[in-house]
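What follows is a short report on a single structure.
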Amino acid sequence: MNREAPSATQADNRSPFYPNHLFVEAVAALAVFAATVLAAYMWQAPLEEMADPGDTTYVPRPEWYFLFYFQLLKYFEGSLVVVGTFFLPALTLTLLMLLPFLDTSTTTDIRKRPCVAALSLAGVVAVVALTALSVVEDESHADKIVLPPITGEQITAGREIFGKFCMLCHSIDGKGGFMAPDLTQIGARANRAYIERVIINPQIVSQTTIMSVIPLNEAERHEVSAFLSRKK
Amino acid sequence: MSEKPEWCERLFSPIPKWVNWLYCFGGLTLLVFLLQVLSGIYLAMFFQPSPAEAWASIEFIEKSIFLGKFARSLHRWGAFLMVLFLIAHFFRTLRHGAYRPPRQLNWFSGIMLLLLTVAFAVTGYLLPWDFRAYWAVKTMGNLLDALPVFSGATDWLLHGDTLNGIVPVGRWFVIHALVLPVLTGIFLAVHFFMVRRLGVAEPL
């Protein structure tokens, strides 16, 4: 694209900003504008449940452009946390700031600026790889729970399932076992997503819990959680 | 004397022929930023910056306000695209070495704008005060605690000095909707002034 440029003189080498370049900019701007409006209309922004400090099981997921950084932070633990939160960002920033003084080449040809090319490529590869890793690890967590709205039938069915599978250990309204916490007011201290996560993986309550994974299917799980979340 | 006024001369001054579509990303970032300003102002009209009301006010915006859901969605997509175009613009600049003298000031203001965009994204993420926001604050608080120098300051930003110890959604809102836009305006002015003054980087 800029191959023809060097030999030409300054004057031949210029085209008017208006209309030539402005036209390209305008077309791009219009396309982007239309695409944004369309996207905003078709795919609406999510709003999750209200913040609940009681839920200790929620896995926070940042926006896609921060995924790589969160993945990176996973590798620095304990006293090394500062490396991820401070030294690496500071180093990157310093490097970027000093770039105009470090790169003393006089050509735009990227092949003749191997240092910049190598560093940029390394940066891109690192960010892409970390993002990919983060996505893969997130998928394997598979704790994305979609909750259908609660109905009366669900609650009735949930009560039955609870009596069959859970009351061996848990008590509710003065009935049931006493090997596990009373759940009469569970709905007041936990939300539905939390209850579902406990059913899927009881170890999130405590590593050594005696509560076992109860083989409920998705619909049954929704029914129990609907029933329990209404117990306040 | 030229017939046109100087600003016109400057705005429409010829640019090098080799400028192609790759050079659009800076302008597109600006366009999306302006969309963010507009949709942001609209959302700010109805948003209640307190931990007790933030979430409810957004639900209200989505359900009851004219074009509310659309405005919020637009703001979110805008954030997404802005990051995307910024990355493209950044690499275009790297590739052409457009950071080298005499364009250092352009480059520095550009980096500042990049950092400001990150700050916009972080503070904006917290405002709905939903599950994600709560955990983002917890996570960041923990990480920043480990910092040697700034731990006090950043932790204060996230948790400190509030009536009843309630999380300061209002503080992030002031930063998101006032401090950051003003700073962005300043650095944008520098950025554009330098582009107009020095022109587009040429192959040497």
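The values are calculated or read from the model by the stated rules, or taken from the named source; none is laboratory data. The shown structure was predicted, so the numbers you read here are calculated from the model rather than taken from an experiment. Cβ sites come from the backbone with ideal geometry, for glycine too, and all protein chains shown count toward neighbours. Only protein heavy atoms, including side chains, enter the accessible area calculation; ligands, DNA and RNA are left aside. Shrake-Rupley method; radii C 1.70, N 1.55, O 1.52, S 1.80 Å.
Computed on protein heavy atoms with a 1.4 Å probe, what is the summed buried accessible area for the chain pair A and B, in Å² to the nearest 100?
6700
How big is the accessible area of residue A:156 in square angstrom, nearest 10, if you roll a 1.4 angstrom probe over the protein chains?
Looks like 80 Å² after rounding.
Please turn the phi angles of the range A:92-102 into ³J(HN,Hα) values with the Karplus equation 6.51 cos²θ - 1.76 cosθ + 1.60 (θ = phi - 60°), one per residue in order, whole Hz, x for glycine and proline.
Residue by residue, the range A:92-102 yields 4, 5, 4, 4, 5, 5, 7, 3, x, 9, 7 Hz.
Using a Debye calculation, one point per C-alpha and no hydration shell, please list log10 I(q)/I(0) for the range B:87-184 at q = 0.15, 0.16, 0.20, 0.25 Å⁻¹ in order.
Taking Cα atoms of the range B:87-184 as identical point scatterers yields -0.73, -0.79, -1.01, -1.28.
Are there any residues in the range A:106-121 with a reduction of at least 50 Å² in accessible surface when going from the isolated chain to the assembly of protein chains? Probe 1.4 Å, please list them by number.
By number: A:108.
Give A:231/B:63; A:232/B:138; A:164/B:63; A:164/A:232; A:175/B:63 a once-over and call out the pairs whose C-alpha atoms are over 31 Å from each other.
A:164/B:63; A:175/B:63
At 7 Å along the Cα-to-beta-carbon direction for both residue A:34 and residue B:34, put a label point, then send me their distance in nm to one decimal.
Rounded to a tenth, the inter-label distance reads 1.8 nm.
If you take the beta carbon distance between residue A:107 and residue A:64 as r and set R0 to 30 Å, what does 1/(1 + (r/R0)^6) give as a FRET efficiency, to the nearest 0.05?
0.30
Can you pull the one-decimal nm distance between simple spin-label points at residue A:217 and residue A:80, each 7 Å off the Cα toward Cβ?
Taking the two extended label points, one gets 4.6 nm.
With all pairs of different alpha carbon atoms counted, what Kirkwood hydrodynamic radius in Å does the range A:152-229 show?
Averaging 1/r across every pair of different Cα atoms and inverting gives 12.4 Å.
Out of the total accessible area of the range A:152-229 (probe 1.4 Å, heavy atoms of protein only), what percent is carbon and sulfur?
Carbon and sulfur: 57 percent of the exposed surface of the range A:152-229.
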